[in-house]
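Student: For reference, the structure I am asking about is given below.
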Amino acid sequence: MSTAIADNLARIRDRIAAAVARRGPGPLPTLIGVSKRQPIAALEAALAAGLADFGENYAQELRDKVAALGHDPPRWHFIGALQTNKIKYVVGKALIHTVDRPALIDALQARAARDGVTQEVLVEVNLGDEAQKAGVREAELPALLDRFADAPALRCRGLMVIPPVDEPSETRAYFARLRELRDRLAAGGRPGVALDHLSMGMSADFEEAIEEGATLVRVGTAIFGPRPA
Ligand SMILES: *Cc1c(COP(=O)(O)O)cnc(C)c1O
């Protein structure tokens, strides 16, 4: 397993470098290895191959993996749906990519203040306007960003999207839309909000995402192989 993971990582790093070259000037994207449901041994293999960023979808699984591996050297990202009763497992441990509603901002603010930490977050945007999906609608995004003015223990660092389609030929348009949205809103100068990050792109389309300005790509199966059931 460990040589397969090291080989996969080497190939993905080459593909990221090529996508950055096609994109031109800009920040180097950070590769997040999405390790949900993967065993600790798989994360250790990726760590040994130099991966420093790990993404998890389930709050208790994040807690358990942080306990097993510690904070040194990995940086942790929380990329799953977050319920307010689970935030205690995540605050102070990970960059949270999935803030999408006022109640979650209020709960995170309360917990981060209580724990004495500054919590960095991204706002997840629902660009497909799909009724069942997580993420704030584009029309409601400016008002949600305004809420960070009343959340001094939080810092909003950018936007995240999971496009409503998976074909790389179709997801690119959503990545471009997220970048344009960010560019428009970044001029707003809101307190507590710096939109320097775009979290977009997964195994099937991280190159398209980088070409459209992704700073954080979330890659699971292309690194770790299929997820255990
Ligand atoms: C699981 C997951 C990924 C990784 O998906 P792959 O197709 O395995 O790369 C990325 N982002 C989110 C939000 C996920 O839930």
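None of the figures in this text is laboratory data; all of them are computed from the coordinates on show. Note that this is a predicted model, so its numbers are computed, not measured. A quick note on method: Cβ atoms are made from the backbone with ideal geometry, for glycine too, and the neighbour counts reach across all protein chains shown.
Student: Residues of the range 197-221 with backbone nitrogen within less than 14 Å of a virtual label 7 Å along the Cα-to-Cβ line of ALA4, please, listed as ranges.
Tutor: 221
Student: Moving to a separate point now. If the chain between ASP106 and ALA204 were fully stretched, how many nm would it gain, using 0.36 nm times the residue separation less the Cα-Cα distance?
Tutor: 31.8 nm
Student: For THR84 and SER169, FRET efficiency with R0 = 30 Å and r from the beta-carbon atoms, rounded to 0.05?
Tutor: 0.20
Student: Any chance you could list the semi-axes, whole Å, largest first, of the equivalent ellipsoid that the Cα gyration tensor gives for the chain, using √(5λ)?
Tutor: Semi-axes (√(5λ), whole Å): 26, 23, 15.
Student: In sequence order, what are the phi-derived ³J(HN,Hα) couplings for the range 149-156 according to the Karplus relation 6.51 cos²θ - 1.76 cosθ + 1.60 with θ = phi - 60°, rounded to whole Hz, with x for glycine and proline?
Tutor: Karplus-based 3J(HN,Hα) across the range 149-156 equals 4, 9, 10, x, 8, 10, 10, 8 Hz.
Student: Turning to a different aspect of this structure: Provide the per-residue ³J(HN,Hα) series for the range 105-122, in order, calculated from phi with Karplus coefficients 6.51, -1.76, 1.60 and θ = phi - 60°, each as a whole number of Hz, with x at glycine and proline positions.
Tutor: 4, 4, 5, 5, 4, 4, 5, 5, 5, 4, 7, x, 10, 9, 9, 8, 9, 10
Student: Each residue of the range 215-221 in order: what ³J(HN,Hα) in whole Hz does its phi give by Karplus 6.51 cos²θ - 1.76 cosθ + 1.60, θ = phi - 60°, with x for Gly and Pro?
Tutor: Going residue by residue, I get 9, 9, 10, 10, 10, x, 4 Hz, with x marking Gly and Pro.
Student: If you don't mind, another one. Can you tell me the length gained on complete extension of the stretch ARG184 to ASP115, counting 0.36 nm per residue apart and subtracting the Cα distance?
Tutor: Between ARG184 and ASP115, full extension yields 21.5 nm more.
Student: What number, rounded to the nearest 500 deg cm²/dmol, is the helix-based mean residue ellipticity at 222 nm of the chain, given -39500 (n - 2.57) per DSSP H run of at least four residues and division by all its residues? Numbers along the way, then the final one.
Tutor: Working: 8 runs with 91 residues, N = 229.
Computed ellipticity for the chain at 222 nm equals -12000 deg cm²/dmol.
Student: Could you list which residues have their amide H under 5 Å from that of TRP76, counting only those 5 or more apart in sequence or on another chain, with H placed in the peptide plane?
Tutor: Here the answer is PHE54, LEU95, since their amide H atoms fall under 5 Å of that of TRP76.
Student: Let me ask something additional. Most fluctuating residue of ARG172, ARG13, ARG157 in a GNM of the chain with Cα springs under 10 Å: which is it?
Tutor: Maximum among the listed residues: ARG13.
Student: Sticking with this structure for a sec: Starting from the amide H of VAL136, placed 1.01 Å from N in the peptide plane, find each other amide H under 5 Å away whose residue is 5 or more places distant or on another chain.
Tutor: Those qualifying (amide H under 5 Å, at least 5 residues apart or on another chain) are GLU124, VAL125, ASN126.
Student: For a quick check: with amide H placed at 1.01 Å from N, whose amide H comes under 5 Å from HIS197's, ignoring anything fewer than 5 positions away on the same chain?
Tutor: GLY158, LEU159
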